[in-house]
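The values are calculated or read from the model by the stated rules, or taken from the named source; none is laboratory data. Computed from a predicted structure; not experimentally measured. Reconstructed Cβ throughout: ideal geometry from the backbone, glycine too, with neighbour counts over all protein chains shown.
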Amino acid sequence: MGDIHNLMGDIHKTAVGMILGVALSVAPGMAQRTTQPTNPGTGGGRTPTPTTPTTPTPGRQPTQPDSPFPEIEQPVFLSGRVMMEDGTPPPESVTIVRVCNGNPRPESYTDGKGHFSFQLGQNSGLIADASYSGYDMTPIGRSGGRSTGAGGGQGGRLPNLMGCELRASLPGYTSQAIDLSQRRALDRSDIGVIILHRMGNVQGSTISLTSLQAPKEAQKAYEKGSGAIKKQKWAEAQKHLEKAVGAYPKYAAAWFELGRAYQEQGNAAEAGKAYQQALDADPKYLKPYVHMAGIAMKEKNWNEAARITGRLIDLDPVDYPVGYLYNSIAQLGLQNLEGAEKSARAGMKLDSGRQLPKFSHVMALISASRGDYSGAAQFLRDYLDAAPAAVDANAVRRQLVEFEKRSGQPAAQAQPRN
């Protein structure tokens, strides 16, 4: 069993190191479902300004021969509003996401009234939520194709938006999807209203109802703190957020953001207290759970990590595959193989895009613990196939050689595992 315990150490160090670095803010759940828009909407907006012309590719004819500047690419400005299905704005900031061919990319946040306005592809500094395991940071217009404006040379060509749509992303809610593929160069920026609909099987929420009851003084301090967090000015955020919770001690969202500010400054103890204060104020508020689990994982407090992630999964079984991953690792630490496998397999079903290949490593350990070295070897191959450049790839390759020896089965004979 010594090698198994060593593997457990590797699993813990690499999985926690690779995944706990994902910072939390309001962002989309990776497995979140969306509905098609009923009315994309139009409205007033400003006309985009062309960027600097680029040099045409030698031997290629311009796609717009009637345009005086055929290679000028228009920046795309978009604006609109996000509303809940009851017609009210979200009480907290929501992330606006561009999804192109299934790859999500955070673009902007809403303000306190649900409004947003931004230029596509310019906001590469957004911080993703832990529910949001990976996102496409490919700049607009560099995905391999070209989409021209339909204005026939009136304003140049648009960046490539084929297969792209815009959504508001909030775990526990589904969003209308606004199609971007048919946008013209001179279209107005206002895309209208994006409606968020509550998912029936999710009890928890990334929006705390306590925010609706906060007095203006607390709300103002919270907004300043949230703005500082978006700029990663953690000490400044801490000052404003401490003022917010001082004015309104039941302000769950402010306690959560304060915990983030503490944690980013290396104060895990105070961060943990702030996250607990957030849950004391609103036990169904989802955001603190992943961070609290992360602290427990770093401390190898497997009971606490299993408890916290179990509660997260109960409250929201669809938006946090990372919760299943943490839970499976915690169950391994508790030597609960059945619980570890149950969580790992459930998480793998949610993680259809294989954004969290560490699930395969967990399954390899479970298989090896049961003496199924052939199955363990195949799971390690699956992991390396999905993450060939992972920080632990060399260690996993050595594990693979050992499992292949123990299985007595050549690599070519092993079959993929579900």
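Data overview
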read-out: From A278, A247, A268, residue being hydrophobic (A, V, I, L, M, F, W, C) and surrounded by 23 or more Cβ atoms within 10 Å (Cβ to Cβ); value: A278
read-out: Any chance A390 is assigned to a helix (DSSP H, G or I) and either buried (at least 24 other Cβ atoms within 10 Å of the Cβ) or hydrophobic (A, V, I, L, M, F, W, C) (or both); value: no
read-out: V245 being out of contact with any helix residue (DSSP H, G or I) (no Cβ under 6 Å at 6 or more places or on another chain) and β-branched (V, I, T); value: no
read-out: Single residue of the stretch 189-215 satisfying the filter (among the β-branched types (V, I, T) and part of a loop (DSSP other than H, G, I, E, B)) that is surrounded by the fewest Cβ atoms within 10 Å (Cβ to Cβ); value: V202
read-out: Number of the condition not met by G163 [criteria: (1) more than 24 Å from P283 (Cα to Cα); (2) in contact with a helix residue (DSSP H, G or I) (Cβ under 9 Å, 6 or more places away or on another chain); (3) of a type outside the set (D, E, K, R); (4) assigned by TED's automatic domain parsing to the domain that holds S117]; value: (2)
read-out: Any chance K230 is basic (K, R) and in contact (Cβ under 8 Å) with a residue 60 or more places away in the chain; value: yes
read-out: Of the criteria (1) in contact with a helix residue (DSSP H, G or I) (Cβ under 7 Å, 6 or more places away or on another chain); (2) more than 29 Å from Q213 (Cα to Cα), which one A293 fails; value: (2)
read-out: Filter result for the condition that a residue is touching a Gly at 6+ places or on another chain (Cβ under 7 Å) and surrounded by fewer than 22 Cβ atoms within 10 Å (Cβ to Cβ), over K239, K230, K284, K273; value: K284
read-out: The lone exception for A305 - which of (1) at pLDDT 95 or above; (2) surrounded by fewer than 23 Cβ atoms within 10 Å (Cβ to Cβ) it fails; value: (2)
read-out: Q378 being in contact with a Lys or Arg (Cβ under 6 Å, 6 or more places away or on another chain), farther than 28 Å from R311 by Cβ and in a helix (DSSP H, G or I); value: yes
